[in-house]
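This report refers to the structure that appears directly beneath it.
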Amino acid sequence: MTHPAMPLTPLPRGSVSALPPYVAGRAGQSETLTPLASNESHYLPLQSVLDVIARSGANINRYPDSGATALRERIAEHLAVPADEVAAGPGSVGVLQQIIVSLCDPGDEVVFAWRSFEAYPLLVTLAGARPVPVPLGPDEGHDLEAMAAAITDRTRIVLLCTPNNPTGVPISRAAIERLPHVLVVLDEAYVEYNTDPASANGIESYRNGQNVCVLRTFSKAYGLAGLRVGYAIARPPIAEALRKTAIPFGVSDLAQRAAIASLDAEREMRDRTARITSERDRVISRARAIGWAVPNSQANFIWIRADEDRRQKITKAFEEAAILVRGYTGDGVRVTLADPATNDRVLRVLAEMTGNGGAQ
Ligand SMILES: *Cc1c(COP(=O)(O)O)cnc(C)c1O
């Protein structure tokens with residue numbers, strides 16, 4: 001029931017009203033569809049991590065450590081960087097929002113590739129800054145020359161996603177070294193799955209003194225998407241700005257402790273990612289063998305470029321096989337990889353579409 005005297009003002013400011021709604025991958029809780037739309041880890045959290053979460057549940061009447069001190073120190077040790085150059089936040093998307101808000105005045109520009117992560121144009125616009133999307137190259141990776149050419153004196157950040165979501169293509173080490181002198185934010189949400197030795201490594205660039213800020217997350221390979229914890233490695237002035245712009249107590253005690261326990265279980269985590277990466281390589285070569293032009297993904301998903309008509313057909317074929325994938329209007333379909341049996345179901349759908357039966 002609406003109140004007759006309810007005023008309709010104030011309205012949200014123009015840049016907010018103009019935003020398209022964020023389209024998240026459909027929730028994976030469905031009991032009938034296999035959720036391959038959100039790049040989550042196929043595996044349940046490690047038992048050691050679940051134990052920590054269960055024990056920490058008893059503390060949730062208390063606020064967490066707002067500085068996430070123990071977690072930042074553990075990350076600093078893990079990556080051999082100073083702890084005051086680590087900033088934790090509610091998912092790496094949360095940290096990215098803080099970076100953009102900290103660095104951009106209205107009208108400033110943020111250059112990023114397109115297609116890339118859907119949150120980028122939203123966060124830039126929300127901060128009052130101007131998104132400058134630069135089309136991907138023919139290999140479905142970043143076109144760094146075109147991105148460099150898009151830099152103006154209003155550019156505050158060049159935002160790179162490596163491996164790129166949704167195409168999976170990483171940025172090469174050689175390309176990263178040629179970047180111009182603006183702040184480069186490297187979103188490495190899928191770095192744990194990257195087995196290509198020629199790829200850029202943000203931490204290495206950071207330690208070499210490049211003007212980069214590295215974003216990483218516990219949501220993907222570490223399997224903690226639901227807990228919301230990610231971090232940035234950033235030079236002291238930016239790290240300090242991130243502490244100032246953080247929503248108070250944004251990372252729960254459960255998330256902080258689970259993230260520490262995950263770093264402590266690094267060996268087991270690596271076994272899991274190795275299973276996914278070998279499956280990824282198998283799926284890509286099999287998909288190519290049956291006629292699909294799948295790019296060189298170094299993440300836990302594959303990308304199928306398709307015009308809108310074909311995209312709808314592909315999405316529908318997966319839905320008929322009770323598999324939920326992520327479609328991008330006019331651009332293509334992204335499919336998250338899982339265990340061998342599930343991946344075989346994916347290959348079967350692809351084989352049926354091209355008339356190349358028998359995906360084994
Ligand atoms: C999933 C994803 C993230 C992670 O977001 P969180 O907020 O840490 O869950 C960040 N960047 C990209 C490109 C992603 O795909």
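Points worth noting:
- Residue in the range 60-79 that is touching a helix residue (DSSP H, G or I) at 6+ places or on another chain (Cβ under 7 Å), among the aromatic types (Phe, Trp, Tyr) and modelled with pLDDT of 95 or more present: no
- Residues of the range 180-239 classified as more than 14 Å from the ligand (Cβ to nearest atom) and in a loop (DSSP other than H, G, I, E, B), total: 15
- Hits in the range 267-284 (condition: under 21 Å from residue 326 (Cα atoms), more than 18 Å from the chain's Cα centre (by Cα) and not hydrophobic (A, V, I, L, M, F, W, C)): 279, 281, 282
- Given (1) farther than 24 Å from residue 180 by Cα; (2) more than 16 Å from the ligand (Cβ to nearest atom), index of the condition residue 87 fails: (2)
- Qualifying position, being over 28 Å from residue 45 (Cα atoms) and buried (at least 17 other Cβ atoms within 10 Å of the Cβ), among 252, 205, 219: 205
- Residue count, the range 139-179 (criterion: of a type outside the set (Gly, Ala, Ser) and either within 11 Å of the ligand (Cβ to nearest atom) or in a loop (DSSP other than H, G, I, E, B) (or both)): 22
- Residues in the range 325-349 that are farther than 16 Å from residue 279 by Cα and among the hydrophobic types (A, V, I, L, M, F, W, C) were compared, and the one that is surrounded by the fewest Cβ atoms within 10 Å (Cβ to Cβ) is 349.
- Residue within the range 54-65 that is within 16 Å of the ligand (Cβ to nearest atom) and either in contact with an Asp or Glu (Cβ under 9 Å, 6 or more places away or on another chain) or aliphatic (A, V, I, L, M) (or both) present: no
- Restricted to the range 240-255, and to residues there that are touching a Lys or Arg at 6+ places or on another chain (Cβ under 9 Å) and within 16 Å of the ligand (Cβ to nearest atom), the residue that is farthest from residue 52 (Cα to Cα) is 250.
- Figure legend. Inter-residue proximity from the range 197-226: first residues more than 22 Å from residue 274 (Cβ to Cβ), second residues in a loop (DSSP other than H, G, I, E, B) and within 16 Å of the ligand (Cβ to nearest atom), beta-carbon distance below 8 Å, spacing 6+ or different chains. Indicated pairs: 213/234; 214/188; 214/234; 215/188; 215/189.
- Considering the range 105-128, the residues that are outside any strand (DSSP E or B) and crowded, with 20+ Cβ neighbours inside 10 Å include one that is nearest to the ligand (Cβ to nearest atom), namely 117.
- Cβ-Cβ distances below 7 Å connect the following pairs, each with a first residue in the range 162-182 that is farther than 17 Å from residue 214 by Cβ, a second residue that is surrounded by fewer than 17 Cβ atoms within 10 Å (Cβ to Cβ) and of a type in the set (D, E, K, R), and a separation of six or more residues or different chains: 169/139.
- Test: residue in the range 319-330 that is in contact (Cβ under 8 Å) with a residue 40 or more places away in the chain and touching a helix residue (DSSP H, G or I) at 6+ places or on another chain (Cβ under 6 Å): yes
- Test result for residue 76, under 25 Å from residue 270 (Cβ atoms), touching a strand residue (DSSP E or B) at 6+ places or on another chain (Cβ under 8 Å) and without any contact (Cβ under 8 Å) to a residue 60 or more places away in the chain: yes
Matching residues to (1) under 27 Å from residue 16 (Cβ atoms); (2) over 15 Å from the mean Cα position of the chain (by Cα):
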| residue | (1), (2) |
| --- | --- |
| 104 | yes, yes |
| 129 | yes, yes |
| 134 | yes, yes |
| 137 | no, yes |
| 152 | yes, yes |
| 159 | yes, no |
| 168 | no, no |
| 176 | no, yes |
| 182 | yes, yes |
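- Tally of residues being within 23 Å of residue 172 (Cα to Cα) and among the charged types (D, E, K, R) across the range 287-342: 3
- When residue 27 is tested against the conditions (1) small (Gly, Ala, Ser); (2) surrounded by fewer than 17 Cβ atoms within 10 Å (Cβ to Cβ); (3) modelled with pLDDT of 90 or more, the lone failure is (3).
- The one condition in (1) touching a helix residue (DSSP H, G or I) at 6+ places or on another chain (Cβ under 8 Å); (2) farther than 22 Å from residue 263 by Cα; (3) among the aliphatic types (A, V, I, L, M) that residue 233 fails to fulfil: (2)
- Residue check, residue 273 within 30 Å of residue 71 (Cα to Cα) and β-branched (Val, Ile, Thr): yes
The values are calculated or read from the model by the stated rules, or taken from the named source; none is laboratory data. The shown structure was predicted, so the numbers you read here are calculated from the model rather than taken from an experiment. Methodologically, a virtual Cβ is constructed for each residue, glycine included, from the backbone with ideal geometry; neighbour enumeration extends over all protein chains shown.
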